[in-house]
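Data first, discussion second: the structure below is written as structure tokens.
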């Protein structure tokens, strides 16, 4: 263990060979291998023409070659040391040949050269190691798709009872046309009895230290299993996320190590879901990991399915940050009018993005929390704008309602209710004081009443002068019941249109005036006052009533008071024409009042 840690500190991350493993019938197997002619130069008699070296591993080297019989490019793998033990090379060739899978390089031939050097020819992949692609900075989604296809190859091998034991990005080749191949099966072991591969439970130490699972680093072959390769897949995921190998298994192999139980650490931002997947795959205890490669791949697939949601989530978070800045700026009502439209626009985009994320990924708590944050910010924005109704609507859409925000909305609603009540009170008071309600109806009524009284009084005067009847106070009481009737008609008209306190006061004043007039004539009849003298008294009383009305309710009452007062004087000076003079004064007074109402209506107050 100490030697491995020392080698890592010195930058040595090459594969450590597992050493020779006896194979049943090695001699017979070696003798039975076909012998082919391999030349370094083009030759008509060569079966294979070698080219340049493609790569060098722990025990072998791979060279480009051309298979002359089929005129096709291949890759030929030889022992790096011509005098070394050929067993690992033969095992790798046989195991790789067994595993026919789209993500495992096909083996075309296992043979020996004329000099007895074993080699095997396989499909030549025009591409680069995945580790170089990681350094080149491909997108995360591209790397995860590669990892998913590597999982397919490993799951197939597990189904055939084979553990790879050396899964890492440098052992994955990426072809020019999208091919993904898991290579270098030289350290593979078997989960079941096998004539070629050693049993996992008795395998010797081997693997790449920077990626090793704890049971590999501790050299505990009895613990090797499917979850060992799961750990290696998790270590490859870590390299995708961090850009370098994890170097964690060696620490986990020593339970007393300070970081033995620490999760993988990252020096740059990593999606939390992927970090959780990686942590579980690289758990120190095998039983805490994903129990199959399918489980691990399914977790990766779920994340890939969420990538659209994550892109939208990033956009939503950007809008949320803008909304938060706007909320900080909008601390005074003076700035709200300038920023209100922008804030609403940002909130609309932010909310739409979060809701789309929730539709694509219902379980994603980040979208729910982000939406709650956006709703809370916008509710506070509406409170600054003094719109508690909008804030209440936003608050009702929140699953978790902050107590502080709820109290703020309730306080704003209470203040608004107080303001509305005060405003209603002021409006009601202004309405009650408004004299000009139903102005057109009152104007028409006033002119019609003046003409009616004037013409009626003139007709009564002419009839009296012609001797058609003799005026009496009793008859006058009946005739002058018209004001009483008119006041009741006016009150009825106002009750059917718009009525307020001012109108009710005017109507009450008219009623009082009418009833006082009737009372006057009845009193005059009882005292036997001459009818023409009673007429003068009546006109004085009416002028006084309208003078009081003009002082208390509306100055326009003077238009009635003055003509009737003049008529009172005229009736006193010419008693024989008292009825005509009274009618003329009433007609002039009420028509003038109607004219004054019209003038007030069309001329707005200054």
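Of all the residues in segment 39-55, those that are at pLDDT 85 or above and under 22 Å from residue 185 (Cβ atoms) number 3.
Taken over segment 72-97, the criterion of being over 20 Å from residue 52 (Cα atoms) and either surrounded by fewer than 19 Cβ atoms within 10 Å (Cβ to Cβ) or over 60 Å from the mean Cα position of the chain (by Cα) (or both) is satisfied by 83, 84, 85, 86, 87, 97.
Out of all the residues in segment 289-316, which are buried (at least 18 other Cβ atoms within 10 Å of the Cβ) and at pLDDT below 85? Selection gives 306, 309, 310. Restricting segment 128-146 to residues that are touching a strand residue (DSSP E or B) at 6+ places or on another chain (Cβ under 9 Å) and within 19 Å of residue 305 (Cβ to Cβ) leaves a set whose member that is surrounded by the fewest Cβ atoms within 10 Å (Cβ to Cβ) is 145.
Looking at residue 404, is it farther than 22 Å from residue 326 by Cβ and at pLDDT 85 or above? For residue 404, the condition - farther than 22 Å from residue 326 by Cβ and at pLDDT 85 or above - is not met. When residues in segment 554-576 are screened for being surrounded by fewer than 17 Cβ atoms within 10 Å (Cβ to Cβ) and touching a helix residue (DSSP H, G or I) at 6+ places or on another chain (Cβ under 7 Å), 2 of them pass. Residues that are under 18 Å from residue 139 (Cβ atoms) number at least 2 in the following helices (runs of 4 or more DSSP H) confined to segment 226-311: 226-242, 272-281, 293-305. Within segment 200-211, is even one residue part of a loop (DSSP other than H, G, I, E, B), closer than 24 Å to residue 156 by Cα and without any contact (Cβ under 8 Å) to a residue 60 or more places away in the chain? Within segment 200-211, one or more residues are part of a loop (DSSP other than H, G, I, E, B), closer than 24 Å to residue 156 by Cα and without any contact (Cβ under 8 Å) to a residue 60 or more places away in the chain. Taken together, 522, 539 contain a single residue that is in a helix (DSSP H, G or I), surrounded by fewer than 17 Cβ atoms within 10 Å (Cβ to Cβ), at negative phi and in the same structural domain as residue 463 (by TED's automatic domain parsing), which is 522.
Kindly evaluate residue 386 against the criterion of being on the phi > 0 side of the Ramachandran plot and either in a loop (DSSP other than H, G, I, E, B) or surrounded by 11 or more Cβ atoms within 10 Å (Cβ to Cβ) (or both). For residue 386, the condition - on the phi > 0 side of the Ramachandran plot and either in a loop (DSSP other than H, G, I, E, B) or surrounded by 11 or more Cβ atoms within 10 Å (Cβ to Cβ) (or both) - is met. Among the residues making up segment 148-168, those that are crowded, with 24+ Cβ neighbours inside 10 Å, in a helix (DSSP H, G or I) and in contact with a helix residue (DSSP H, G or I) (Cβ under 6 Å, 6 or more places away or on another chain) are 151, 154.
The values are calculated or read from the model by the stated rules, or taken from the named source; none is laboratory data. Treat the numbers as computed from the prediction; the structure is a model and nothing was measured. Reconstructed Cβ throughout: ideal geometry from the backbone, glycine too, with neighbour counts over all protein chains shown.
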